[in-house]
1. Identify the single condition in (1) under 24 Å from K177 (Cβ atoms); (2) more than 21 Å from the chain's Cα centre (by Cα); (3) open to solvent by less than 40 Å² (accessible area, probe 1.4 Å) that S78 does not satisfy, given that it satisfies every other one.
2. Given T254, T223, T198, which one is open to solvent by less than 60 Å² (accessible area, probe 1.4 Å) and more than 21 Å from the chain's Cα centre (by Cα)?
3. Out of everything in segment 1-44 that is open to solvent by less than 10 Å² (accessible area, probe 1.4 Å) and outside any strand (DSSP E or B), what residue ends up being farthest from the ligand (Cβ to nearest atom)?
4. Right, A234: among the small types (G, A, S), in a helix (DSSP H, G or I) and either touching a helix residue (DSSP H, G or I) at 6+ places or on another chain (Cβ under 8 Å) or buried (at least 17 other Cβ atoms within 10 Å of the Cβ) (or both) or not?
5. Can you confirm whether E49 is away from the ligand (no atom under 16 Å from the Cβ), among the acidic types (D, E), open to solvent by 40 Å² or more (accessible area, probe 1.4 Å) and closer than 20 Å to Y322 by Cα?
6. Restricting to segment 171-223, and then to whatever is touching a residue at least 60 places away in the same chain (Cβ under 8 Å) and hydroxyl-bearing (S, T, Y), can you tell me which residue is nearest to the ligand (Cβ to nearest atom)?
7. When you check R340 against the structure, is it under 28 Å from E13 (Cβ atoms) and either touching a residue at least 24 places away in the same chain (Cβ under 8 Å) or in a loop (DSSP other than H, G, I, E, B) (or both), yes or no?
8. I'm checking my understanding of the structure. Among residues of segment 241-251 that are open to solvent by 20 Å² or more (accessible area, probe 1.4 Å) and farther than 7 Å from G199 by Cβ, which one is nearest to the chain's Cα centre (by Cα)?
Amino acid sequence: METNKNIIILGIESSCDDTSAAIICNDLILSNEVSGQSVHEAYGGVVPELASRAHQQNIIPVVDLAIKKAGISMDEISAVAFARGPGLLGSLLVGTSFAKGFALAKQIPLIEVNHLHGHVLAHFIKDPNIELKSPEFPFLCLLVSGGNSQIIIVRDHLELEVIGQTIDDAAGEAFDKCAKVMGLPYPGGPLIDKLAKTGNASAYLFSKPKIPGLDYSFSGLKTSFLYFIRDRIAENPHFIEENKADICASLQDTIIKVLMSKLIKAAKETGIRTIAVAGGVSANSGLREALIEAATLRHWKMHIPPFKYTTDNAAMIAITGYYKYLKGEFAGHNVVPYSRVSIR
Ligand code: KG4
């Protein structure tokens with residue numbers, strides 16, 4: 001559906017523990033509200049039932065604020081796009097039900113968006129406050145989040161092909177689970193990143209997976225890390241406290257080397273030199289440095305999104321909804337969320 005009029009999309013994201021709503025006018029972001037859930041802090045991880053209850057409390061105020069901040073009226077919204085999955089089913093149900101109700105009440109189209117597709121298309125959000133150049137097609141996207149680690153060829157906004165992915169844990173899970181072993185609070189990724197800054201990355205050596213092709217694996221690293229910590233603590237009960245920065249730096253360095261080796265292989269095999277990164281782990285400062293270094297050395301055009309569009313947000317759902325709107329890809333009201341699914 002090609003059209004000259006402005007298309008205004010309300011985006012809804014509720015796949016895990018962030019309730020987010022955004023308004024986009026064509027590809028220009030007008031508002032992007034995110035409400036986190038502190039209720040999980042006491043449990044060392046996201047508790048699905050608590051997450052869905054918190055989404056129910058947050059969704060209306062968050063949508064209301066997004067519409068107000070965008071300076072539009074509800075009647076101007078052309079369509080509502082929502083994250084259908086992957087994610088926590090109870091959480092997704094809240095966003096899906098809200099989107100259906102809104103679309104029905106306003107008699108506007110409903111657009112289902114794959115959460116992972118949203119992470120990739122975050123690169124196409126135009127933000128008046130941030131100068132950001134979108135990648136040219138085709139490009140390779142390293143998608144690294146709490147639930148996924150994938151290498152994707154992006155040929156067009158709606159044409160994506162996964163050429164490598166984790167066969168077990170995701171990179172974010174490796175950060176979070178190893179952080180838990182060290183007694184750090186959830187989510188551990190940002191804390192490991194912070195502590196790693198003052199540590200020696202060569203202090204400890206962790207084994208790297210030997211997986212063929214472009215796939216990843218992080219479960220072996222998690223297990224070897226667990227045994228490493230257990231054995232060292234047996235020798236010295238204060239081992240973690242005394243060596244925290246070095247442990248974090250060495251662990252982070254291992255995860256980054258694993259991620260980078262397959263990305264470099266993918267770039268060589270496909271001949272694609274425009275590279276993008278997406279997902280929560282792309283906030284990692286060590287990974288960003290490694291990407292920039294590789295880009296300089298290998299003459300890649302590197303695209304790293306601003307921090308606020310790397311973690312879960314509805315702006316990425318709204319931009320994906322916009323491109324699906326242009327192609328007339330609408331969902332029926334019998335659409336249901338899914339907890340597990342590939343990108344396309
Ligand atoms: O994309 P995201 O917000 O949610 C998912 O869709 O999974 O990613 C969350 C993940 C968590 O595992 C978190 O620990 C990780 O991203 N993360 C980081 C950093 N910031 C967030 N990992 C390493 N370094 C960071 N700075």
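1. (1)
2. Numbers: T254 fails: more than 21 Å from the chain's Cα centre (by Cα); T198 fails: open to solvent by less than 60 Å² (accessible area, probe 1.4 Å).
Exactly one residue qualifies, and that residue is T223.
3. The selected residue is I7.
4. no
5. Values: away from the ligand (no atom under 16 Å from the Cβ): yes; among the acidic types (D, E): yes; open to solvent by 40 Å² or more (accessible area, probe 1.4 Å): yes; closer than 20 Å to Y322 by Cα: no.
When the stated conditions are applied, E49 does not pass them.
6. Y186
7. Working: under 28 Å from E13 (Cβ atoms): yes; either touching a residue at least 24 places away in the same chain (Cβ under 8 Å) or in a loop (DSSP other than H, G, I, E, B) (or both): yes.
Taking the combined requirement at face value, the residue satisfies it.
8. If we filter segment 241-251 for residues that are open to solvent by 20 Å² or more (accessible area, probe 1.4 Å), which is where we start, we get 241-246.
Imposing the further condition that a residue be farther than 7 Å from G199 by Cβ reduces the set to 241-244.
Numbers: E241: 30, E242: 33, N243: 30, K244: 27 Å.
Taking the candidates together, the pick is K244.
The values are calculated or read from the model by the stated rules, or taken from the named source; none is laboratory data. A quick note: this is a predicted structure, and the numbers were derived from the prediction, not measured. Counting neighbours? That spans all protein chains shown, and the Cβs are built from the backbone with ideal geometry, glycine included. Surface areas here come from the heavy atoms of the whole protein model, side chains and all, with no ligands, DNA or RNA. Shrake-Rupley method; radii C 1.70, N 1.55, O 1.52, S 1.80 Å.
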